[in-house]
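The values are calculated or read from the model by the stated rules, or taken from the named source; none is laboratory data. All values reported here derive from a predicted model rather than from experimental measurement. Ligands, DNA and RNA are stripped out before the accessible areas are found, and what is left, the full protein with its side chains, is counted by its heavy atoms. Shrake-Rupley method; radii C 1.70, N 1.55, O 1.52, S 1.80 Å.
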Amino acid sequence: MKKVILVALLLVGMQTVHAQKKEKLFNGKDLTGWTVYGTEKWYVEKGVLVSESGPDKGYGYLGTTAQYDDFEVDLEFKQEANGNSGVFIRSTVDGTKVSGWQVEVAPPGNDTGGIYESYGRGWLIKPDPEKDKALKFGEWNKMKIVVKGDRVTSYVNGVEMVNYADEKIGSGKGGVLLQIHDGGGIKVYWRNIVLKKL
C-alpha cells in the first residue's frame with residue numbers, strides 16, 4: 001500500500017513539474033515556431049526579434065504555430081519611432097484580419113497594458129492613466145500577461161495594468177501573436193519571450 005501511495009505521489013509531482021515547465025517562444029536565432037502574416041518585416045538581429053513597418057504600411061502579425069489556453073507569458077519589448085504594437089492572446093489570423101484580444105503596447109499616453117478586441121467590441125478596458133508612468137519609452141520594458149479561464153491580468157515593469165474577466169475571452173481559442181499596427185514608421189524590439197502553461 002505504501003508503494004502505491006509513493007508511486008501516486010511521484011506521478012502527481014511529475015505532472016505538476018510538467019505543467020509548470022517554461023517554454024521559450026523565441027529562440028533568439030530565427031522565427032522557428034512562428035508564422036508571419038502580412039508583408040511587414042519580422043527578423044532577428046543580434047539575438048533580438050525586430051518588428052518593423054514594411055513598404056505597404058499595413059497590419060502585420062507574427063503568430064505562434066501552437067495554440068495556448070491558460071498560460072502566463074513574460075517578455076521584454078523596446079519601442080522605437082511610433083512603437084504602436086501589441087500582444088494578442090487566444091487569437092487567429094486570416095490574411096491580416098485578426099480575431100482575438102490584444103494587450104496593448106503603445107507609446108506613452110496610449111493605454112499600454114489595456115485590452116482591445118479587434119474587429120469586435122473595441123476597447124474592453126484601459127489602465128488608469130497614472131499607471132502609464134510604468135512604461136519606459138525607448139528602453140526595455142518587461143511585460144507579463146496571465147490568461148486563466150475568462151480572466152486576463154497584464155503587468156508592465158511589475159505594475160498591474162488591468163485585471164479583467166470576460167466570458168467571450170474565456171471561450172476563445174488561438175495562439176499568441178505580436179502585432180505591427182498599420183500606418184508605417186513603426187519599429188519594436190522583442191526578447192526573452194517565455195510562456196508557462198497553467
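Summary of values
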read-out: Most fluctuating residue given options 156, 93, 103, as computed from a GNM of the chain linking Cα atoms under 10 Å; value: 93
read-out: Cα centroid of segment 31-73 to Cα centroid of segment 149-171, whole Å; value: 22 Å
read-out: 0 to 90° range, to nearest 10: angle between helix 2-19 axis and the chain longest Cα axis; value: 0 degrees
read-out: Solvent exposure of the chain as accessible area per residue, Å², 1.4 Å probe; value: 52 Å²
read-out: Gained length - residue 80 relative to residue 163, 0.36 nm times residue gap less alpha-carbon distance; value: 27.1 nm
